[in-house]
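Written below as C-alpha cells is the structure these notes are about.
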Amino acid sequence: MKNTFVLQWGHGPAWVPGKTVREQPYWNEHADFIDPIFERGMIVLGGPFADGSGSLLVLEAKDEREVRETFAADPFVTKGVFVMQSLKQWTLFLDARRVGAGG
C-alpha cells in the first residue's frame, strides 16, 4: 500500500539568489532525475512556490525511507541547490482524484 507524503525543499548553499529554479545550476540534471520518478507515479504534484522561497512535492511511496533514499540522489540535493526542510506523512481525508473511483 502506498502512503502519501509532503516534502518541502528550501534553498541550499549552492542556490543562486535572483534566479528561478529553472535557472539554477544543475537544472537539466535535476529534471533528468525527476522525470522518471514522476513517470512511475511517485510524484503526484510538484513545483516551486510562486514567491521563489522553495518547492513542494506531494508523493506516494511505501514509507519515509523510500522517499529519503530516492531523493538523496537528486543532483539538486547532492550539489547543494536544495535542502530538505520537512518530510511528513499526510493522511488524506479528501481527494478529488479518487471521487467516482471508489475513493
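The values are calculated or read from the model by the stated rules, or taken from the named source; none is laboratory data. A quick note: this is a predicted structure, and the numbers were derived from the prediction, not measured. Neighbour counts are summed over all protein chains in view; Cβ atoms, including those assigned to glycine, are modelled from backbone coordinates with ideal geometry. Protein only, heavy atoms only, side chains kept; ligands, DNA and RNA dropped before computing areas. Shrake-Rupley method; radii C 1.70, N 1.55, O 1.52, S 1.80 Å.
Here's the list of lysines a cross-link from residue 19 could span, going by alpha-carbon distance under 27 Å and ignoring same-chain residues fewer than 8 apart: 79. Looking at the chain, the accessible area is 65 square angstrom per residue; that uses a 1.4 Å probe and ignores ligands, DNA and RNA. Where in the chain lies the longest segment free of trypsin sites (Lys or Arg not before Pro) that are both loop residues by DSSP (not H, G, I, E, B) and have at most 12 other Cβ atoms within 10 Å? With a cap of 12 other Cβ atoms within 10 Å, the longest stretch comes to 63-103.
Between residue 54 and 49, the built amide H atoms are under 5 Å apart, and every one of these is 5 or more places off in sequence or on another chain. Summary value for the chain: 46 percent relative contact order, contacts being C-alpha pairs under 8 angstrom separated by 6+ residues.
In the chain, taking the dipole from charged Cβ atoms about the Cα centre, the farthest positive-side position among 5, 99, 58 is held by 99. Equivalent ellipsoid of the chain: semi-axes from √(5λ) of the C-alpha gyration tensor, largest first, are 26, 14, 13 Å.
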